[in-house]
Every structure is written in structure tokens, then in C-alpha cells.
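**Q** Sharing a structure below in C-alpha cells format, with a few things to ask.
Read-outs: derived from the displayed coordinates by stated rules, not from any lab. Only a predicted model underlies this, so the values are computations on that prediction, with no experimental measurement involved. Positions of Cβ are backbone-derived with ideal geometry, glycine not excepted, and every protein chain shown enters the neighbour counts.
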Amino acid sequence: MNLQSMTGFARATAECDGTAVAWEVKSVNGKSVEVRLRLPQGFERLEPAVRQTIQKCFSRGNVQATLTVSRTGTSMVQPVINEVFLRDVAELANRLVAQYGATPASADGLLSLRGVFDMPEVVETEEQRAAIDAVIMKCLEAGLAGLVEARQAEGDALRALLSGHIATIETLTLRAEADPSREPGAIRQRLADQVRLLLEASPALDEARLNMEAAFLATKADIREEIDRLKTHVAAGRALIAGGGAIGRKLDFLAQEFNRESNTLCSKSNAATVTAIGLELKAVVDQFREQVQNLE
């Protein structure tokens, strides 16, 4: 299955008996599906159906849909001019100019008078309304299909980025596992040096007890479990990305697990090289989680 980003934009148009229809749909990140609609006056009746259609297409993201409906061609409303009334008013205006020196009336001034110019309301039959509604909903489906395609295109780009981050996490995990400071010989030498320094500082200390304490601390500082869990999380991340679908929440949880293990690795490290690797891990995990926020 494809991955989908939560951001995208699409536009679709259609026409029905001289009525032009256009939908613009766009989406951004969101924890759940939130739909915001802008419908022209008179088309509020479509809101429930539009919301339901959009919610079926997506599981996450804030979606905004804007509908534009305009009359074209012969279906446009023709203005009605009361020419008899207009002629009478024009003649009266001319007399006022001739007799009293009034300012001549302009055409737009005459047309703005009540009763001269009128735009009649469009009266639609039930059949016409149903036909327009059907075209609007079909146009919406086309717009949503375009939005899905746009989100999938960005999802493909995110798939490559996330796969790259996981590969880097795996590389750093293997570097930590193979770090020379984790070799048994290096650990023994480090413990011996620590015990020697303590004995030199305070000869009264019990050497056997110090060796036991040092061995205990070395065990606590071992990062074997963290490395094993990081490997498991890497495999889980790759499986999720390969499976596709709405995996944004799952990957976000996985990012938290990556972050927890990298933090623990840094806190348990007793070698500068491993600490440096842990810090690199934290940086990559932050980038991974940032990109995951864009996924559905």
C-alpha cells in the first residue's frame, strides 16, 4: 500500500446545463480528520453529504473544501428593465436640467433607481436541482481523487526519507555495537585502571571489594539491551513502511521508542566514542520523528 502525506492540493471542475462548478480541496497535518467547508449560499443542503464523502477518503488531516458555482451562457439570469418607467424618469430629469439647471442624470444613476432595473431570482425545478447536486458531488469525488494522488506523491517522497533515516539509525547502532570500548579486553583494562586509581588515592580500601563494585557498575553500563531493542525497532520500522497505509501514528510511537533507547545509550555510555554515536542517534531520530508528523 502507498503512504500518504497529510498535505496536498487539488482542483476539479465540471459543467451542467450552463452551470459551472469548481471544487478546490487542500489538506494539512491534523491528529484526526477535520473538515472545513465553504459553500455558496443556497448550497448548504449539500454539507452533510460532502462531509461524509471527505471523511471516507482520509483517516487523518485537516481538509478544507471550497465550492464555486456560477451561471454561464444562456443559463445566466437576464436583467429586467422597466423601459416605460425609465423613459418617464429620463424625461423628468431632462426637464429639471432645462428649467432649473440641475446636473444631468447619468445612465448608471437612472438604472440604480428602484423599479427601473431588476435581477430576478432563478427558480429551479426539483429535477434541475437534483442534476446540479449530482454534478457537484461527482466533481467533488474527482477533486478528492486528485488530493489523494497529491498526498500519495508526497508520501512516496516521505517513504524515501524515512527509509534513509532508518538505515542511518541501523548504521549507528551497528557502530555502537562494534565500538572497541565494548571489547572484553578494553572493559577489563578500564576496570583495572579505575581500581588502581582508587587504591592509589586511598590504600586502605579493599581491593577485592573494589573489583566487585567495578564489575557491577560495568554490568549496569552495558548497552547490549539497548542495541538489541534498536535493532528490533529498525526491523519494525521497515516492516511498517513496506506495508504502507495509515501508519503515521505507529511510526510516531516507534520514533518515541527510538528516542528512549538513544537517550539510555547516552546515559549508560562510559566511552566518549559511544556517547558521540548516541548523540548522532538522537539527531537522526529527531529528523525521523519530524517527518513522521506529515504522514497520515
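**Q** Could you calculate the FRET efficiency of GLN128 with GLN64 from 1/(1 + (r/R0)^6), where r is the beta carbon distance between them and R0 is 22 Å, rounded to 0.05?
**A** Calculated transfer efficiency: 0.20.
**Q** Okay, moving on. Quick check: net charge around GLY143, other residues with Cβ under 12 Å of its Cβ, Lys/Arg +1 and Asp/Glu -1?
**A** Counting the neighbours of GLY143, the net charge comes to 0.
**Q** So, counting K/R as plus one and D/E as minus one, what does the shell of residues with Cβ under 14 Å around PHE43 add up to?
**A** Residues close to PHE43 contribute a combined charge of +1.
**Q** Compare the peptides 95-101, 171-177, 228-234 by average per-residue count of other Cβ atoms within 10 angstrom and give them in order, highest first.
**A** 171-177, 228-234, 95-101
**Q** In addition: Can you tell me which aspartates and glutamates have their Cα less than 13 Å from the Cα of LYS56? Leave out same-chain residues fewer than eight positions away.
**A** Counting by Cα, and skipping residues close in sequence, LYS56 has these aspartates and glutamates nearby: GLU34, GLU141.
**Q** How would ARG260, ARG87 line up from fewest to most surrounding beta-carbon atoms within 10 angstrom?
**A** Fewest-to-most Cβ neighbours within 10 Å comes out as ARG87, ARG260.
**Q** Cross-link candidates for LYS31: which aspartates and glutamates have Cα within less than 17 Å, leaving aside residues fewer than 8 places away along the same chain?
**A** Straight-distance partners of LYS31: ASP252, GLU290, GLU296.
**Q** How much net charge surrounds THR68 when only the other residues with a Cβ under 13 Å from the Cβ of THR68 are counted, with Lys and Arg +1 and Asp and Glu -1?
**A** Result for the local shell: +1.
**Q** Something else now. With θ set to phi - 60°, apply the Karplus curve 6.51 cos²θ - 1.76 cosθ + 1.60 along segment 22-36 and write out the HN-Hα couplings as whole Hz, x wherever there is a Gly or Pro.
**A** 9, 10, 10, 10, 9, 9, 9, 4, x, 6, 9, 8, 10, 10, 10
**Q** List the lysines whose Cα lies under 17 Å from the Cα of LYS268, skipping any in the same chain that are fewer than 8 positions away.
**A** Straight-distance partners of LYS268: LYS220, LYS282.
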